[in-house]
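Novice: One structure follows; several queries about it will come next.
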Amino acid sequence: WSEVNRCGQNGDFARALKSVNKILQISKDDVTALQCKVVCLIQNGNFKEALGVINTHTKVLTSDVIAFEKAYCEYRLNRIENALKTIQSASQQTDKLKELYGQVLYRLERYDDCLAAYRDLIRNSQDEYEEERKTNLSAVVAAQSTWEKVMPEDLGLREATYELCYNSACALIGQGKLNEAMKKLQKAEGLCRQSLSEDSDVTEEDIEAELAIIHGQMAYIMQLQGRTEDALQLYNQIIKLKPTDVGLLAVIANNIITINKDQNVFDSKKKVKLTNAEGVEHKLSKKQLQAIEFNKALLAMYTNQADQCRKLSASLQSQSPEHLLPVLIQAAQLCREKQHAKAVGLLQDFADQHPANAAEIKLTMAQLKIAQGSVTKACMILRSIEELQHKPGMVSALVTMYSHEEDIDSAIEVFTQAIQWYQQFQARTNYGCCVFQPKSPVHLSLIREAANFKLKHGRKKEAISDLEELWKQNPKDVHTLAQLISAYSLVDPEKAKVLSKHLPSSDTMSLKVDVDALENSHGATYVRKKAGKLTGDNQQKEQGQGDVKKKKKKKKGKLPKNYDPKVTPDPERWLPMRERSYYRGRKKGKKKDQVGKGTQGSTTAGSSELDASRTASSPPTSPRPGSAAAVSAASNVIPPRHQKPAGAPATKKKQQQKKKKGSKGGW
């Protein structure tokens, strides 16, 4: 026992275990020896073996004796539910069990209960671990803000350590306060460097490894802000460090895949391997794991792995039947395979099974119908979404689509239904409650848009009732009154005259404009300078000091060479020949001498004229070399190679024909 005690104080638990085993050989059911053995195994990281010892000696090691050690082994073996049951079954809740209880609740993502547990611990304990408890408490608040979108309360924690600063930054990211979060992360980075540099045993590589998680969160903020190039660079720097935290590597790899999207697919396929590392599922939250699985399915779709995409999306749908993304991924894959009808059917089945999510699914169905060119069917689907049917955005979309199809009656019907709905009441949603407010601004704007649409498409009589309704709501609206008078002028002129009396007089409509201020404004500077120049020129002209402007001489138009002033020009001379009234087309059947055409070997009537040897300009036959005649001829006559023969164009055609005859392929 003295050896066990000495080894335990020195931290040599492997040697202590050997001594404990010697004791157990003498007394195998010694409770203290069994407890010491379990502790030694836990300290050596043999959690499975330690749990086996506890389960083997259940009669001796009861839950009151060994509850904490058993729960801790189960927690480290990622048997979180079992650990929770062990803690709850303990007869006495010690401080150690309460600490472990908080950790278990955090892993189970029961953040409200976890927050209460840590508050109780901080309130009722005073020891050297108070800073760690506050760090865990801030981590719970950050998780609530990020995953449950709960507005975090101010806990009054002093951010003296980089862990507290980091958790505070995560809470700010959950609230969408990205700039403030970035400042907190920069502060956390400075505190981390300062605290680690004080230890002489810590190297620069160790500091960078510790800062990796802070840099990863900085890169995530950059990505959210649209600075994808900076984010990608920082992500790759972290991966080069090869951190031991598989959870951090999985998150960074997933974020790089989201930046790549359907581009750089080869890099994404390499990065996705980091998300499959062993132990990742125990390091990340359920929502993080779900997001990674969604991105795997999308990557399979982009890499044309249809079977893998269907398998992953089907697995996700079985895990979360009400989630939209799995069915949307399946529909997208079907569309890539040109199976649009099947994709629409799949979405329709999901909408029927899950009415709560039907609106978003039907919007996707309408988009698919538009992509196929079935705009009318898309309109029918959109009009079936009752909760969006009377929204201004939906009304605008339907009217635009019906106008594109030139179905004006249906467009007006959409306006009419929306106006009737708003005439009864206007729903204003406020945390699930509806407050009814007739004659709302949305209602009036719909009436105005309907009136403008009807006027644009010539429905004056239908527009008059809408304009009268608007004018009754606001009799001082001159613009509406002017539109009403304009509409009545085409339908009922007398009524238009009566209404025109309500127009304000010209005196009341006069604008109070400061002319000096207007002239001295920035926009009028150029005009004023130009005007000043013009007035100066006029004064010079009046005084007779200015130069007389030279009149520009008009150039005479060029006349055609065969112009005859006695002959009247052809009035249709500007038209192409085919469009002139006297054009009769080409005369067919008239035989013309065609050079180089006809069957092979045949000659034409003008072939003798094309013979260069018979022309007067051709030189005589070259005499034999060395003769006197050759010398005299060479001095007076141009050599044949330098002479341009008569009828050159015809010869060119003849050469082309010869070339054609010798080409491969025949006719």
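Novice: Looking only at the stretch 421-438, filter to residues that are open to solvent by less than 50 Å² (accessible area, probe 1.4 Å) and in contact with a His (Cβ under 8 Å, 6 or more places away or on another chain); which one of those is modelled with the lowest pLDDT?
Specialist: GLN426
Novice: Restricting to the stretch 160-185, and then to whatever is closer than 24 Å to GLN288 by Cβ and of a type in the set (Gly, Ala, Ser), can you tell me which residue is most open to solvent (accessible area, probe 1.4 Å)?
Specialist: Taking the candidates together, the pick is GLY176.
Novice: Something else: Does any residue in the stretch 482-500 that is in contact (Cβ under 8 Å) with a residue 40 or more places away in the chain and of a type in the set (Lys, Arg) come within less than 6 Å, Cβ to Cβ, of a residue that is surrounded by fewer than 16 Cβ atoms within 10 Å (Cβ to Cβ) and in a loop (DSSP other than H, G, I, E, B) six or more places away or on a different chain, and which pairs are these?
Specialist: none
Yes or no, residue by residue, for (1) modelled with pLDDT under 75; (2) of a type in the set (D, E, K, R):
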| residue | (1), (2) |
| --- | --- |
| ASN538 | yes, no |
| GLU542 | yes, yes |
| GLY546 | yes, no |
| LYS552 | yes, yes |
| PRO565 | no, no |
| ASP570 | no, yes |
| LEU575 | no, no |
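Novice: Suppose the filter is closer than 24 Å to ALA117 by Cβ and modelled with pLDDT of 85 or more; does LEU34 pass it?
Specialist: No, not satisfied.
Novice: Quick one: how many residues across the stretch 177-206 are over 30 Å from PRO152 (Cβ atoms) and either touching a Cys at 6+ places or on another chain (Cβ under 9 Å) or modelled with pLDDT of 90 or more (or both)?
Specialist: Looking only at that region, the number is 0.
Novice: Of the residues that sit in the stretch 270-325 and are among the acidic types (Asp, Glu) and more than 20 Å from ILE239 (Cα to Cα), which one is surrounded by the most Cβ atoms within 10 Å (Cβ to Cβ)?
Specialist: This residue is GLU293.
Novice: Exactly one condition in (1) modelled with pLDDT under 90; (2) farther than 30 Å from GLN237 by Cβ; (3) open to solvent by 50 Å² or more (accessible area, probe 1.4 Å); (4) not aromatic (Phe, Trp, Tyr) is false for GLN263; which is it?
Specialist: Failed condition: (2).
Novice: Go through the stretch 66-159 and tell me which helices (runs of 4 or more DSSP H), entirely inside it, have 2 or more residues that are within 30 Å of GLN186 (Cβ to Cβ) and either open to solvent by less than 20 Å² (accessible area, probe 1.4 Å) or at pLDDT 90 or above (or both).
Specialist: 95-107, 111-124, 130-147
To keep it simple, each residue is scored yes or no on (1) open to solvent by 60 Å² or more (accessible area, probe 1.4 Å); (2) under 52 Å from the mean Cα position of the chain (by Cα); (3) modelled with pLDDT under 70.
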{"position": "LEU470", "(1), (2), (3)": "no, yes, no"}
{"position": "SER486", "(1), (2), (3)": "yes, yes, no"}
{"position": "PRO493", "(1), (2), (3)": "yes, no, no"}
{"position": "PRO504", "(1), (2), (3)": "no, yes, no"}
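Novice: Could you list all residues from the stretch 439-451 that are part of a helix (DSSP H, G or I) and either surrounded by 14 or more Cβ atoms within 10 Å (Cβ to Cβ) or in contact (Cβ under 8 Å) with a residue 60 or more places away in the chain (or both)?
Specialist: If the condition is that a residue be part of a helix (DSSP H, G or I) and either surrounded by 14 or more Cβ atoms within 10 Å (Cβ to Cβ) or in contact (Cβ under 8 Å) with a residue 60 or more places away in the chain (or both), then VAL442, HIS443, LEU444, LEU446, ILE447, ARG448, GLU449, ALA450, ALA451 are the ones that fit.
The values are calculated or read from the model by the stated rules, or taken from the named source; none is laboratory data. This is a predicted model, so every value here is computed, not measured. FYI the Cβ positions are ideal-geometry reconstructions off the backbone, even for glycines, and counts take in every protein chain you see. Side chains included, ligands, DNA and RNA excluded: accessible areas come from the protein's heavy atoms. Shrake-Rupley method; radii C 1.70, N 1.55, O 1.52, S 1.80 Å.
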